[in-house]
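Below: the structure, in structure tokens.
The values are calculated or read from the model by the stated rules, or taken from the named source; none is laboratory data. All figures in this text were calculated on a predicted structure; none of them were measured in a lab. Every residue, glycine among them, receives a Cβ derived from its backbone with ideal geometry; neighbour counts consider all protein chains shown. Surface areas here come from the heavy atoms of the whole protein model, side chains and all, with no ligands, DNA or RNA. Shrake-Rupley method; radii C 1.70, N 1.55, O 1.52, S 1.80 Å.
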Amino acid sequence: MRHYAVLRLLLAGFFLYIAWPAIPTVVTLEATIFWGLWLGFFLLVVGSNLASLLQMVSPPVMEQESTRQRQNA
């Protein structure tokens, strides 16, 4: 189910689009730490979804297609 990875990438890109104007206005140390952690989490999300999209890792269990085979006794 590759479309889930694409949707998550689009959502992450939208969040970055909304947050980007606020990042250069950082003044305090707490805000710098917050935006640094936020950007780090953003990179983790994008990296994991790109790896899933490029089939570098197996998809999560919920997204795996199950094929049931009939067992003959």
Subject >> Flag if ALA51 is exposed (fewer than 10 other Cβ atoms within 10 Å of the Cβ) and modelled with pLDDT under 95 >> reply: no
Original post:
Given (1) modelled with pLDDT under 95; (2) open to solvent by 100 Å² or more (accessible area, probe 1.4 Å); (3) among the charged types (D, E, K, R), where does GLU63 come up short, assuming only one miss?
Top reply: (2)
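Which members of region 25-41 meet the condition of being among the polar types (S, T, N, Q) and either within 17 Å of the chain's Cα centre (by Cα) or surrounded by 11 or more Cβ atoms within 10 Å (Cβ to Cβ) (or both)? Let's see the steps before the verdict.
Going residue by residue through region 25-41, those that are among the polar types (S, T, N, Q) are 25, 28, 32.
Hit for region 25-41 is THR32, nothing else.
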